[in-house]
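Engineer: Next up is a structure, given as C-alpha cells.
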Amino acid sequence: MLVGDVEQMDPLPLPARHFDCVIFGDTLEHLKEPEALLRRLRRHVKRDGLLIANVPNIAHWSVIVELLQGRFPYAEAGLLDRTHLRFFTPESVE
C-alpha cells in the first residue's frame, strides 16, 4: 500500500512487474496528470497483468440535461464533485 501523493512519487517506490492487478476506483479524475501516472505505473504491472479503472461518466444523460438548461451544478460528492480535476466520457477514457 502506498500512502501519499502518488503524482509526486517519481520514481514510484515499487519493484518492476510487481502487481498482477492495479485498481483505480474513482481516482483518475482527481489527478492533475492521470496519463503520466498511468505511463509510469505500467512498468510495475506484470506483462499479463490488469489495470482496472472506473471514472464518472460526464456524458451521462443527467449531466447533459443540466448543461442544456444552462447549468453545471457542482456538488460535494458524486458525478460533479467539486474535487474533480478531469472529466471523462467512455470514449476518452480508452
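Engineer: Scan the range 40-55 for residues that are outside any helix (DSSP H, G or I) and either modelled with pLDDT under 90 or charged (D, E, K, R) (or both) and jot them down. Walk me through it before giving the result.
Structural biologist: Applying the first criterion (outside any helix (DSSP H, G or I)) to the range 40-55 yields 45-55.
Selection gives K46, R47, D48.
Engineer: Residues of the range 73-94 being closer than 20 Å to L28 by Cβ, in a loop (DSSP other than H, G, I, E, B) and not small (G, A, S), which ones? Show your work before the answer.
Structural biologist: Filtering the range 73-94 for residues closer than 20 Å to L28 by Cβ gives 74-94.
Filter again for in a loop (DSSP other than H, G, I, E, B), leaving 74, 76-80, 82-87, 89, 94.
Listed by number, the residues that qualify are Y74, E76, L79, L80, R82, T83, H84, L85, R86, F87, T89, E94.
Engineer: With the checklist (1) loosely packed, with under 14 Cβ neighbours inside 10 Å; (2) of a type outside the set (A, V, I, L, M); (3) closer than 15 Å to H84 by Cβ in hand, flag the one item E29 doesn't pass.
Structural biologist: So the condition that E29 fails would be (1).
Engineer: In the range 44-94, which residue that is among the charged types (D, E, K, R), surrounded by 10 or more Cβ atoms within 10 Å (Cβ to Cβ) and within 30 Å of M9 (Cα to Cα) is nearest to the chain's Cα centre (by Cα)?
Structural biologist: R86
The values are calculated or read from the model by the stated rules, or taken from the named source; none is laboratory data. Source: prediction; values computed, not measured. All Cβ positions, glycine included, derive from the backbone under ideal geometry; neighbour counts span all protein chains shown.
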